[in-house]
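Read the structure below first, then the notes.
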Amino acid sequence: MGDHTMTSWPQYGTDEADALLEVLNSGKWGSTSGDVVATFEREFAAYQQAGHAVCLANGTLAIAVALKAAGVGIGDEVIVPPYTFIATASAALFVGAVPVFADVDPDTHLLDPVAAETAITERTKAVVVVHLAGRPADMDAFTALGAKHGLTIVEDAAQAHGAAYKGRPVGAIGDLGTFSFQSSKNITAGEGGVVVTDSAELAGAVYSLVNVGRVPGGGWYQHETVGYNLRLTEFQAAILRVQLRRHPQLQEVRERNARLLTDLLEKAPGIQLAPDDPAITAHGRHLFMLRVPGRRDAVLDALSAAGFDRASSGYVPLHRNAAVLRESRAITTRLGQPYPEHACPNADLLSTDTIWLPQPYLLGTEDETRAIADTIADAVS
């Protein structure tokens, strides 16, 4: 058994403690009375170059609220990739819509724009584009797709804080973007999420859905729509404000170690890495992903034996998830519609040979990074 340990996560210090105490002592613990959530919303919107940001309970419901704010509802279809966290698909189900799976690019693990366009029907209302692992998807292709077919483009940027496509931070490139602050994320408060957009109208709709149907500047009992109560607490926002300030320096470390891993592994036989793309001007570096056809389990065993036991085999494709299919077919059956099934062979393939290294492994020393690379290369050879 090796003696390598993953860098502790989350990283925090006295700044977070001071921020929490400030909220505690203020007696204003909720966002309806304090201003910490509102301040963080402005700061995060600026960080992602978005016009508006609305915080809420988690990244899963952020996607659902984004879809509902855009008018997606019962019986509508939402195109999603199958190689993603279940929330991307379940969010559509939460608003009565049907997730339709379009295959991914095997080189990048990201939704294929051509496959997405092929999956469009007269019931399609939105596409959820996932910036998986922090790698921005082809947003030129997806914004063009949305404009061509009149579809809402939602960026699921749960893993992509700070990522940028052609110099533009992700999130508000499409119509709406969603982020997560769950425990594993590169900016975290244990839980939490945010929806960003450049549209004042969509931001107002999101605000109303998060705040029991209230409208910005309206009365306490003025409920103009039927909304949830999904508000973030002032305590969470206090932590997030500090985490946001920490993020750039930590990203420098992640980027440096990711580049070193890439340099060490890209020429090793039997290892496939995603190609560089000049359009990706900043990678979120939430995961370092690689493919090792025919050797995944052996590599995972070797990593675990060396002490890198948080390496993972990643997702089981959602187009094979019984719960998602059952819920989807329940909707289409009730409405008398066919369930649109699409083959996703690339997602199936990726689920057999992909390995994930979670972001805390990118926060280690150069020696630890080299040890990871050596372990992988030795196991593949």
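Annotation: amide H of residue 281 within the under-5 Å range of 164, 165, 166, 167, sequence separation 5 or more or interchain, hydrogens built in the peptide plane.
Per-atom-type breakdown for segment 1-108 gives carbon and sulfur 54% of the accessible area (1.4 Å probe, protein chains only). With Cα atoms defining each centre, segment 176-199 and segment 261-332 are spaced 22 Å apart in the structure. Around the Cα centre of segment 125-183, unit charges on the Cβ atoms of Lys, Arg, Asp and Glu (plus for the first two, minus for the last two) sum to a dipole of about 60 debye. Counting only protein heavy atoms and a 1.4 Å probe, the chain has 42 square angstrom of accessible area per residue.
With a 1.4 Å probe rolled over the protein heavy atoms of all chains, the accessible area of 295, 320, 214, 241 falls in the order 320, 295, 241, 214, largest first. Each Cα pair under 8 Å and six or more residues apart adds its sequence gap; the mean of these over the residue count of segment 42-145 is a relative contact order of 24 percent. Within the same chain, lysines fewer than 8 places from residue 28 are excluded, and of the rest, those with a Cα less than 29 Å from its Cα are 185.
Remark: relative contact order (segment 230-373) = 35 percent; criterion is Cα-Cα distance under 8 angstrom and separation of 6 or more residues. Relative contact order of the chain, taken over Cα pairs closer than 8 Å and 6 or more residues apart, is 22 percent. Between residue 141 and residue 17, the C-beta separation translates, for a Förster distance of 35 Å, into a calculated FRET efficiency of about 0.20.
Think of each Lys and Arg Cβ as +1 and each Asp and Glu Cβ as -1; about the Cα centre, that makes the dipole of segment 1-152 roughly 540 debye. Share of carbon and sulfur in the accessible area of segment 195-347 stands at 52%, probe radius 1.4 Å.
If only the Cβ of Lys and Arg carry +1 and only the Cβ of Asp and Glu carry -1, the dipole of the chain around its Cα centre is close to 720 debye. Projecting the Cα positions of 70, 19, 52 onto the charge dipole of segment 1-106 (unit charges on Cβ atoms of Lys, Arg, Asp and Glu, taken about the Cα centre) puts 70 furthest along the positive direction.
Measuring only protein heavy atoms, the 1.4 Å probe finds residue 114 accessible over about 100 Å².
A dipole drawn for the chain from +1 and -1 charges on Cβ atoms has a positive end, and of 380, 85, 160 the residue lying farthest that way is 85. Derived scalar couplings between HN and Hα for segment 145-154 equal 4, x, 5, 5, 10, x, 10, 6, 9, 9 Hz in order, rounded to whole Hz, by the Karplus curve 6.51 cos²θ - 1.76 cosθ + 1.60 (θ = phi - 60°), x for Gly and Pro. Computed 3J(HN,Hα) for segment 180-190, one whole-Hz value per residue from the Karplus formula 6.51 cos²θ - 1.76 cosθ + 1.60 where θ = phi - 60°, is 10, 10, 5, 3, 7, 6, 5, 10, 9, 10, x, glycine and proline marked x. Ordering 211, 186, 196 by Cα displacement along the dipole of segment 105-214 toward the positive end leaves 211 in first place; charges were set at the Cβ atoms of Lys, Arg (+1) and Asp, Glu (-1). Taking all protein chains as shown and a probe of 1.4 angstrom, residue 310 keeps an accessible surface of around 140 Å².
The calculated FRET efficiency for the pair residue 310 and residue 35, based on their C-beta separation and a Förster distance of 41 Å, comes to about 0.65. Here the peptides 31-39, 49-57 are ranked by packing, the mean other Cβ count within 10 Å, and the order with the highest first is 49-57, 31-39.
The calculated FRET efficiency for residue 297 paired with residue 330, based on their beta-carbon distance and R0 = 35 Å, is about 0.45.
Cross-link reach is defined here as a Cα-Cα straight distance under 15 Å, omitting same-chain residues fewer than 8 places apart; for residue 125 the aspartates and glutamates meeting it are 76, 77, 117, 155, 175.
Computed 3J(HN,Hα) for segment 245-259, one whole-Hz value per residue from the Karplus formula 6.51 cos²θ - 1.76 cosθ + 1.60 where θ = phi - 60°, is 5, 6, 4, x, 5, 5, 5, 4, 5, 4, 5, 4, 6, 5, 5, glycine and proline marked x.
The values are calculated or read from the model by the stated rules, or taken from the named source; none is laboratory data. Given the structure is predicted, the values throughout are model-derived calculations rather than measurements. Note: ideal-geometry Cβ built from the backbone for every residue, glycine included; neighbour counts use all protein chains shown. Just the protein is used for accessible areas: all its heavy atoms, side chains included, with ligands, DNA and RNA removed. Shrake-Rupley method; radii C 1.70, N 1.55, O 1.52, S 1.80 Å.
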